[in-house]
Structure formats: C-alpha cells, structure tokens
Amino acid sequence: MAGDSLEMGIQNRMGKKQHVTIVHDNNMHDKSFIELVKRYHDIKMVDIESLCAEDFIQSLLIIVQVNLTDPKILRPLKRKMALPEREHIPVLFLLDDFNRREIVQSNILGATDYIAYPCPDSNFIEIMADLVNHAVEKSWAKLSKIQEAALKVSLKVVENTFSNAAKGLEIAQHEVKDSCDLIIEATAKDGLNNWMNAIRQHHNYTYRHSMMVCGYLTSFGMLLGVKKSDLQLLAMGGMMHDIGKAMTPLDILDKPAKLTPTEWKVMQEHPKNCRLILSVEQWDDDMIDIATHHHERLDGTGYPDALEGSKVSDLARMTAIADMFSGLVDKRSYKPSMSAEKAIEIMLETEGQLDIPLVKAFRSVVLSGEDKILAFQK
Ligand SMILES: [Fe+2]
Ligand SMILES: [Fe+2]
C-alpha cells in the first residue's frame, strides 16, 4: 500500500491519519456519494467558511460540492483554494449541471479534476481512486529511494500477476522474485514501518493485503533469522498467497459488506485456486504450500484440506498469522481498522488454531520499539 506515514507516506507530519475532506454549501445537492467515500476513507465535512489550511494538510483528497454560480460562494472558495497548503492536494469538483460555466469556474479555482454528479457509482469510485492513488504515490517520494522503488515495482507486479491470473495468462515468476528482493532489501535497510504504512491507503484491498502480508512475512523471517532463500520464499509466498482470488468474482471479492454464507463458500475456494494456478506454472512446492494452506488451522477447522497439527507446515503457520493480522488491522468498508495491540490480543486467544509461540514472536514484529506500526495505533 496505501499510504500514511512515519510521518512519511501519506500520514502527515503530525502522524495523524489522513481523510477525505468534503466541502459543502447550504444548497440542495445529491449527497449519495458521501456513503461511497466512507466505504474507503474517513471523511470530514466542512463548509467553505471553515475550510482552512489544516484541512489541506490533513487531507488525501478534497471533494467540493457547492453552487459554482453563486458569487458569495466563489469568492471565499477562491481564497481558500489559493492557500499554499493546497498545492499538492488533489481537489475534485462535483458539478451539478456540467455546463460550460461550471467547468470554467472549477478550472479557474484549480480543480485537479471534475465530474458531473450524480453519476454511476463505479465512475465516482474510479475517479476518486485515481486521485487518491496519485496523491499516495506522490507521497512515496518521501520514502527512502529503495523503499520507493520496492513499493512501485512490487505493486505493479502484484497488479500484473492478479490481472494475468484472472485471464489465465502466465505469471512472470522472475518479476515476483525480483520485486520481493527489493522488498527484502528495503526492509533490511530501513525497516518495515515506512513502506508498510505507505501502502495502507491503496484503494484495492486485495493488492494492499498481498503487499502487507508480504511485508509482515519478510520482517517475521528476519526476526526469526531465517536464511536468504527462505526469506525470499516468505516474501514471495506473502505476495502470492491470495493469487487464487484472481478467480473470485469481483462482486464477491470487492463486496462492500459482509458476505452471505453462499458468497463465503465461493470466497473459500481461493486457496484451492491458488494451488491450481501455481501448480500449473510449477512454482516451488513451498510456495504452493503457503498459498494453499494459509487458512488451515491446527485443530483441523481450517480449509481447504482441514489439515491438523504437524500437518500444517511452519510456513503455512507463519502465513496464517500474517494473513489474520493484516485482515484485522486493515480498514474495510464494513469494519473499522483495529489497533495492532488488539489484533495480537485476539490472535493470542485462538489457542488450538494458530501457533501461539509463533504469534508471540510475531508480536515483536509489529509491536516492538522501532518497528511499531504507527499507522495502526488508534
Ligand atoms: Fe486467503
Ligand atoms: Fe490473505
């Protein structure tokens, strides 16, 4: 991901989580987009008078929905849009009529983009994601060179692998390996925090989650002192562990609500699909094990093979821990993010399912001193 900080990435200088600011007036507009924004981001509503420099500093994106034909609104808005703090923040104008006058006004005011609203949800989500991701990627310039390269390259690789797998095309194994080598180098040199926090705002949950599990497993492997080849295996396994989701229908994969029991059954097919995809391409057996068995539980209640106890490998145990942690701390449209402390607490209560000594070791990956994941603190 997606990115806030270390007072890097997109978390700002104060270490506060950034939000989307919605600038409104007292006119009647269709406000249904607000629920769409809330699916992905925290929001702050402000009127034009109270919009201030701090709002720009704290924002990932500003959405303006006001009457652009009213001079009483235009004057103060123009002043606020000229603030120096606004310069690098994308501003999206929602236009009521999409007429020439509105378009000219929004350009004069410095809109990064504009869209006629109401519009189909998918169009709105797409334009919002583009603007936010552009801002997120810009913020990556504040990372170290190696972290920025690791993020850019590996995110592209994740996108390509999912896209190719969905189309039944071959996944370039060497690209996955090369990008994981960059992640290992970046993590070894500069730690996990900065780049992991920087990925957190990426709009695509599956990509973000794959990158997060990759990062946690890399750091976990380093903490346990595993050899280089195993570290590569863990990083690559983390990146590819959910590749089977490329075969999951998007309306289930990206559903902005809890899955129904039937949808959940379809979702649970993904480890089997991981095995299918990776076996056909003759990936390393350990990689296939990681991807196929990261939902197995030691008491045999997991899937797809209901493996028990010693039949669950160390690699699958480690991946199950990184996977569950990432799922708990990440924000979804239907659930808020959880603090790292709380997530570990919950995982320690899964006696019989997760490997508890390993969870305790993992705790220091995400909670100890320097490597504390600041963005997960609530
Ligand atoms: Fe999974
Ligand atoms: Fe996962």
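Condition check ((1) at pLDDT 90 or above; (2) in a loop (DSSP other than H, G, I, E, B); (3) within 16 Å of ligand 1 (Cβ to nearest atom)) across all residues:
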| residue | (1), (2), (3) |
| --- | --- |
| GLU159 | yes, no, no |
| GLU175 | yes, no, no |
| CYS180 | yes, no, no |
| ARG208 | no, no, yes |
| MET211 | yes, no, yes |
| CYS214 | yes, no, yes |
Count of the range 237-263 residues which are within 12 Å of ILE277 (Cβ to Cβ) and open to solvent by 40 Å² or more (accessible area, probe 1.4 Å): 1
Check off (1) more than 16 Å from ligand 1 (Cβ to nearest atom); (2) of a type in the set (S, T, N, Q); (3) surrounded by fewer than 16 Cβ atoms within 10 Å (Cβ to Cβ) for SER337 and give me the number that stays unchecked. (3)
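What do you reckon, is SER219 of a type outside the set (D, E, K, R), crowded, with 24+ Cβ neighbours inside 10 Å and assigned to a helix (DSSP H, G or I)?
The answer is yes for SER219.
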Among the residues of the range 259-277, which ones are away from ligand 1 (no atom under 12 Å from the Cβ) and either part of a loop (DSSP other than H, G, I, E, B) or not assigned by TED's automatic domain parsing to the domain that holds PHE162 (or both)? LEU259, THR260
In the range 136-146, what residues are open to solvent by less than 30 Å² (accessible area, probe 1.4 Å) and either touching a strand residue (DSSP E or B) at 6+ places or on another chain (Cβ under 8 Å) or modelled with pLDDT of 85 or more (or both)? VAL136, ILE146
Among the residues of the range 85-110, what is the count of those that are free of Cβ contacts under 8 Å to residues at least 12 places away in the same chain, loosely packed, with under 13 Cβ neighbours inside 10 Å and in a helix (DSSP H, G or I)? 3
Which of the residues belonging to the range 111-135 are open to solvent by 70 Å² or more (accessible area, probe 1.4 Å), in contact (Cβ under 8 Å) with a residue 24 or more places away in the chain and more than 23 Å from LEU155 (Cα to Cα)? PRO118, ASP121
Can you find, within the range 270-303, the residue that is farthest from LYS335 (Cα to Cα) among those that are among the acidic types (Asp, Glu) and surrounded by 17 or more Cβ atoms within 10 Å (Cβ to Cβ)? ASP286
With respect to LYS331, determine if the residue is modelled with pLDDT under 85 and under 16 Å from ASN197 (Cβ atoms). yes
Considering the range 287-311, residues that are in contact (Cβ under 8 Å) with a residue 40 or more places away in the chain and in a loop (DSSP other than H, G, I, E, B), and then whichever is nearest to SER219 (Cα to Cα), we arrive at HIS294
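The values are calculated or read from the model by the stated rules, or taken from the named source; none is laboratory data. None of the values given here were measured: they were computed from a predicted structure. Every residue, glycine among them, receives a Cβ derived from its backbone with ideal geometry; neighbour counts consider all protein chains shown. To get the accessible areas, we keep the full protein, side chains included, count just its heavy atoms, and leave off ligands, DNA and RNA. Shrake-Rupley method; radii C 1.70, N 1.55, O 1.52, S 1.80 Å.
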